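So the structure is just underneath, and the comments pick up after that.
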Amino acid sequence: MPLRFYNTLTQDVEVFRPLQDNTVRMYTCGPTVYNYAHIGNFRAFTFQDILRRWLRYRGYQLNHVMNVTDVDDKIIVNAAQAKKSIKDYTAAFTQAFFEDAAALRLERPEHVAPATQHISQMVEAIQNLAAQGCTYQSDGSTYFRISSFPEYGKLSHNDFGGIRSGARVDVDEYDKADARDFVLWKARKEGEPAWDTPFGPGRPGWHIECSAMAMSYLGETLDIHAGGVDLIFPHHENEIAQSESITHKPFARYWLHSEHLQIESQKMSKSLGNFYTVRDLLEMGYQPEAIRYLLASVPYRKKLNFTFEGLKAATKSIERLRDFELRLTTTKFPPGSNPEIAGRSRAAIEQFENGMDDDLNTAEALAAIYEYVRAMNTAIDENRFREDNRWDAARVLEIFECVFDCLKPADQAIARSEESPVGGTLPDSDIERLIEQRTAAKKARDFQKADAIRAQLLEQGIVLEDTKDGVRWKRK
Ligand code: AMP
Ligand code: ZN
């Protein structure tokens, strides 16, 4: 089965094909840099990363634009409170965002577009809308007239037939059920940043930045537009109204929306105060790989309930896979290849791919990996695994890593990326981790496991010495 996505626009699962050649032109709504992003926000960005990686695995090239909203109501208020210029204030939080994104191993989109650096594109878009009669002015602000776009509501599947023309909203966030003419350009206010334009001094509304930047980088019709479900209405509905009023062409062909991360059955959000940032969790001692794994493990269209048990389980899951990888690297197998294992490896890859092709069903893809690892551990225990099967297993893990990218510990992610997936000398940190596991096994009186670890290390030329000060090790 080919790659399929659920399209919010058509409410259907559709086969994915880009419009032109092999390149996917994709736009995702990025962060509003008024504070640190929380892990709810990062669920949306992790989904986008998984989407990128799977598209590339399927042979597509990417042209992905992500905006950074660096001027809005909240930013203005927060910067004033912090007694900083908007520029300094947003620069610090933009940097923090990309640091956290890097910790979670999120690939950087091909273009990162800060709103304030694209004012002229927005001005041009507003002028175009004005020329087509889709706007009006009031008190120095310019508004989009929703009644000029009869298809308004087609993405959120709401019937906004009864909207009152002229009922306006100025703020960037407003009541979910209520469609009102939204602001394209906000009149200058004392103490706020402002740009001079033919329709008066002021600053952009939030919605216009995405339409203007998406089309200026990617053309009139995008392949994919993605964001969190809370953006479907009004933000994405407004983006469609703006863009399609300008071009009279479909704005985006596939609309993908990720569900919320919840905590105690509520949406994690800054306003509710029920949030953790990536930094919070790292300071508590959790691994960034575990956060990434947790965010990626639940298919993006399902709600994800955040718990610390879940985060610990994610840590354990990674550990199991790392143990398997290490076992592959360190065990000496009889020569040759067992065809049954080679076949089982191919089947695991197929199941993983089928899961991912099915609207990025990461749970199914993970199930394929865990079933496989269980079967391979049994095969090794029963001496059915052969030397050449290492490569089959390494291939399975490599494909898993293409998407989940969590096996290399953070401190080794760079150094080890240059090594081959199997073979080579054991890095110090792996040795120390094994020693820790052996000590824990001894403590738990699991001497069989403790001995197995000692033997595994010895095979790699690592000798352990138990002293009264703890375990010492050396290379033979
Ligand atoms: P913002 O920085 O508020 O503009 O949001 C950035 C992204 O995070 C958007 O795609 C939102 O839909 C998404 N988002 C916000 N809260 C959550 C949450 N609790 N779970 C998942 N995504 C969220
Ligand atoms: Zn947007």
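The values are calculated or read from the model by the stated rules, or taken from the named source; none is laboratory data. The model shown is predicted, which means the values in this text are computed figures rather than measured ones. As a convention, Cβ positions derive from the backbone with ideal geometry for all residues, glycine included, and neighbour counts pool all protein chains shown. Ligands, DNA and RNA are stripped out before the accessible areas are found, and what is left, the full protein with its side chains, is counted by its heavy atoms. Shrake-Rupley method; radii C 1.70, N 1.55, O 1.52, S 1.80 Å.
Overview of values
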read-out	value
Unmet requirement for Ile399, which otherwise passes all of (1) over 11 Å from Leu321 (Cβ atoms); (2) in a loop (DSSP other than H, G, I, E, B)	(2)
Positions within the stretch 28-45 being over 13 Å from the mean Cα position of the chain (by Cα) and either hydroxyl-bearing (Ser, Thr, Tyr) or open to solvent by 20 Å² or more (accessible area, probe 1.4 Å) (or both), in sequence order	Thr32, Tyr34, Asn35, Tyr36
Unique residue being within 16 Å of ligand 2 (Cβ to nearest atom) and touching a Ser or Thr at 6+ places or on another chain (Cβ under 8 Å) when the list is His38, His64	His64
Meets criteria (closer than 29 Å to Ser258 by Cβ, in a loop (DSSP other than H, G, I, E, B) and at pLDDT 95 or above) for Leu407	yes
Residue count, the stretch 220-268 (criterion: of a type in the set (Gly, Ala, Ser) and near ligand 1 (Cβ under 9 Å from one of its atoms))	4
From Glu340, Glu401, Glu364, residue being over 21 Å from Phe47 (Cα atoms), outside the structural domain of Leu256 (by TED's automatic domain parsing) and open to solvent by 10 Å² or more (accessible area, probe 1.4 Å)	Glu340
